[in-house]
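The values are calculated or read from the model by the stated rules, or taken from the named source; none is laboratory data. These numbers were taken from a predicted model, which means no experiment stands behind them. Backbone-built Cβ (ideal geometry, glycine too); neighbour counts: all protein chains shown. Note: accessible area is taken over every heavy atom of the protein model, side chains too, but ligands, DNA and RNA are not part of it. Shrake-Rupley method; radii C 1.70, N 1.55, O 1.52, S 1.80 Å.
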Amino acid sequence: MSQDGRQRVIIEGITPQVDCGRFPIKRVVGDEVHVEADAFTDGHDSIAVVLRWRPEGTSDWAETLMEPLGNDRWGASFRVVELGRTAYTVEGWIDRYGSWEQDLEKRVAADQDVSVDLRIGATLIEDAASRAAGSDGELLAAWAAELRSDAPLHVRSLRARDSELLALIRRHPDRSTATTYERELSVVVDPVRGRYSAWYELFPRSASPERGRHGTFRGVIDRLPYVSAMGFDILYLPPIHPIGRTFRKGPNNVTTAGPEDPGVPWAIGAPEGGHTSVHPDLGTQEDFRALVAAARAEGIQIALDIAFQASPDHPWVAEHPEWFRARPDGTIQYAENPPKKYQDIYPFDFESQDWRALWTALSDVFLFWIAEGVTVFRVDNPHTKAFPFWEWCIGELKRVHPEIIFLSEAFTRPKVMYRLAKLGFSQSYTYFTWRNAKRELAEYLLELTTTEVREFFRPNFWTNTQDILHEVLQHGGRPMFEARVVLAATMTASYGVFGPAYELLEATPREAGTEEYLDSEKYQLRDWDLDRPDSIAPLIGRLNAIRRAHPALQANDGVLVHDIDNDQLIAYSKHTADRSDIVLVVVNLDPHHPHSGTLRLDLGALGVDADLPFEVHDLLADRTYLWQGARNTIELDPSSAVAHVFEIRPRIRTEQQFEAYG
């Protein structure tokens, strides 16, 4: 029998944990991890329960006593301060002195003779003294002697229940038969930007000041002040590698490219190199390093697109044909999503007999760019690569480089997206683009922020991508562009836009019924007039400034959806745990018509006194209103304002107000 039968404490129902501890939960540096557990024993003995934690690679546990929450539920918290993994668990044991003291209290209240009980208590104190050292041991021995003395019983019984003695005893418990939860749980601790970040995507080849000329890394450096002025802290670049020539696509995805057509950046690899090379028209490796350094000086991190696929011209196709899937006619299987064909892209075969070497080569791609100063990666279509690869690759990389952040671009089934998050991806694209009606937006927001999903899945709401121009943007005009960016920037702590297409209101599809852009940058160079007067860049900049100023918008906690009696108006709020920051957002989802409705706030959940007036300050319009009570009328006309972003400023009752209101 492996279990010690004297271990009587039962520990179960620990939260948070993911899939019974199979995967870690996620937090960022500085977060508190609140842990709860069911802990109990047979009979009537008291128990003590502690929460234990230690950073991975260390052997010493820190711990804190857990507090009873009622119904055999216990809770405590610890703060994570180091990047990487931290283990945590729960341990419990019979509190023999606590059980004895509890019984003594009852006997004293019943006016029973407690002389023998005091001798039992003295023995328990002496046992604790033997486990203690220094002054604690001396104090405990002296206390035990008092309980054995000839002093009156009522004096000794009072001394036995002294709070100082109880604190001493608790510092030196008998844990020889303690029960530890059956497995160590873990939390992955990321940089703050793993949870809170604003992403901006641009194509470097379109960042040229000269019309029709291929852009460069140096041109992106010149674009940095523009990106910084809008308040973005991550600049995401599509693949920057040499582009294949075989089956190169032309403008608007035509299958025959002209001699000057630049091709699709995701068709990676040419005679000039593969995944660890830069496109010669963009500049040199030194130019790229200069971009990374210049971005860092602006408070921006460069994020690279990692697309694990190859053009027919990639050096690996000739060097490692075993890494690709061959067809019966000897050709390599290109990528397909029928009826779409991508002859310019070869997928890797993750069932290759040489899979170990393939895994190593792909992991080395990350290591190469980490050495170049890149710590943020957007991973293209990770759901089409083997799950075991991602668990191994991300685990090994973050073991050495816990500062790196991975964004999963997987628009696929929910369970697949969630599995990728469990395997290590820091953030994930979502279905936000296709959630447009009030009910589906509200339900999706609550699913991601109030269910168990929030422990491992960090949503990143993108307004658009180089592949996705949703029909609401095609037909909604400027008001819809404004509404969608307000929703993205305030619903979740991380969001992104594909620019300059977004702020310049690019809304023309390649053809009706598709989400493809006409003249997409995926296939050709584009010129952008960043100074256009109709640009919504100022609105985006204001939103990002609001996000930086309000901690409530920097996390995915404290989310409430409030009732408003108009299906074209959505109202939701976010607040910090202590309610010191409360942000309320109301958005008109109809870009063509004004709408009004009665908003009913959940003031209790917000911590706002329903009997007192309170201020709401519109952070977009810089106007302050005085409200009182849960019901207030809202009206939004998209021709002037599509949204309110309110800071709620509760009033605190003075002593006179308490007397007036009772």
**Q.** Under-5 Å amide H pairs with Q301, H placed in peptide plane, nonlocal only
**A.** I234, L235
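Report the full-extension gain for the segment E210 to H475: residue separation times 0.36 nm, less the Cα-Cα distance, to one decimal in nm.
Numbers: separation 265, 0.36 × 265 = 95.40 nm, distance 3.13 nm.
Taking 0.36 nm per residue and subtracting the Cα distance, the gain is 92.3 nm.
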Q | Charge tally in the Cβ shell below 13 Å around I405, where Lys, Arg are +1 and Asp, Glu are -1, I405 excluded | A | +3
**Q.** P(r) of the chain over all Cα-Cα pairs, binned every 20 Å from zero, in whole percent
**A.** 16, 40, 28, 13, 3, 0
**Q.** Phi-based couplings in Hz for segment 360-376 (Karplus 6.51, -1.76, 1.60; Gly and Pro marked x)
**A.** 4, 5, 5, 4, 5, 4, 4, 4, 4, 6, 5, 5, 8, x, 8, 10, 10
**Q.** Top positive-direction residue, dipole computed over segment 335-417 with Cβ charges, set F350, F377, A410
**A.** A410
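Calculate, for segment 463-502, the solvent-accessible area per residue in square angstrom, rolling a 1.4 angstrom probe over the heavy atoms of the protein chains.
Details: 650 Å² over 40 residues.
Ligands and nucleic acids excluded, the result is 16 Å² per residue.
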Q) Between T123 and R107, what length in nm is gained on full extension when 0.36 nm per residue of separation is reduced by their alpha carbon distance? A) 3.9 nm
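Calculate how many DSSP beta bridges within the chain are antiparallel, expressed in % of all such bridges and rounded to the nearest 5. Present the calculation step by step, with values, prior to reporting the outcome.
Details: 78 of 109 bridges.
Just about 70 percent of them are antiparallel.
Can you compute the FRET efficiency between Q7 and W61 using 1/(1 + (r/R0)^6), with r the Cβ-Cβ distance and R0 = 22 Å? Round to the nearest 0.05.
Details: r = 18 Å, r/R0 = 0.83.
FRET efficiency, Q7 to W61: 0.75.
Skip the ligands, DNA and RNA, and give the accessible area per residue of segment 94-147 with a 1.4 Å probe, whole Å².
Working: 2780 Å² over 54 residues.
In whole numbers, segment 94-147 has 51 Å² accessible per residue.
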Q) Taking K and R as +1 and D and E as -1, what net charge do the other residues with C-beta under 10 Å from the C-beta of G194 add up to? A) +3
Q: Can you figure out the FRET efficiency of S130 with R171, using R₀ = 22 Å and their beta-carbon distance, to the nearest 0.05?
A: 0.95
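Could you check how much of the accessible area of the chain is carbon and sulfur, as a whole percent, using a 1.4 Å probe?
Carbon and sulfur together cover 49 percent of it.
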Q. For a label point 7 angstrom out from the Cα of E516 toward its Cβ, which stretches of segment 241-275 have the backbone nitrogen within less than 20 Å?
A. 244-268
(Q) Explain nothing, just the number: dipole magnitude of the chain about its Cα centre with +1 on each Lys and Arg Cβ and -1 on each Asp and Glu Cβ, in debye rounded to the nearest 20. (A) 600
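DSSP loop GluC sites (Glu not before Pro) in segment 386-424 with at most 16 other Cβ atoms within 10 Å of their Cβ, which ones?
Details: sites: E391, E396, E403, E409; in loops: E403.
Passing both the DSSP loop test and the Cβ count: E403.
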Q: Pick out, in residue order, every one of the trypsin sites (Lys or Arg not before Pro) in segment 208-237 that is DSSP loop and has at most 12 other C-beta atoms within 10 Å; say none if there are none.
A: R211
Q) Gain in length, A297 to D19, computed as 0.36 nm per residue apart minus the alpha-carbon separation, to one decimal in nm? A) 96.0 nm
Q) Using r as the Cβ-Cβ distance of D329 and A610, and R0 as 51 Å, what FRET efficiency do you calculate, to the nearest 0.05? A) 0.10
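Normalised by the residues of segment 333-427, what does the relative contact order come to in percent, with Cα pairs under 8 Å and at least six apart?
Working: 90 pairs, mean separation 23.2, N = 95.
24 percent.
Report the net charge of residues surrounding D38, where surrounding means a beta-carbon distance below 11 angstrom and charges are Lys +1, Arg +1, Asp -1, Glu -1.
Neighbourhood net charge equals -2.
Per residue, how much accessible surface does segment 287-400 expose to a 1.4 Å probe? Answer in Å², no decimals. Provide the component values of the computation, followed by the final result.
On the way: 5170 Å² over 114 residues.
So segment 287-400 comes to 45 Å² accessible per residue, rounded to a whole number.
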Q: Round to the nearest 10 and give me the degree value, 0 to 90, for the angle of helix 438-450's Cα axis relative to the longest principal axis of the chain.
A: 50
Q. What pairs from K340/K574; K415/K438; K522/K574; K340/K415; K415/K574; K385/K438 go past 31 Å between their alpha carbons?
A. K340/K574; K522/K574; K385/K438
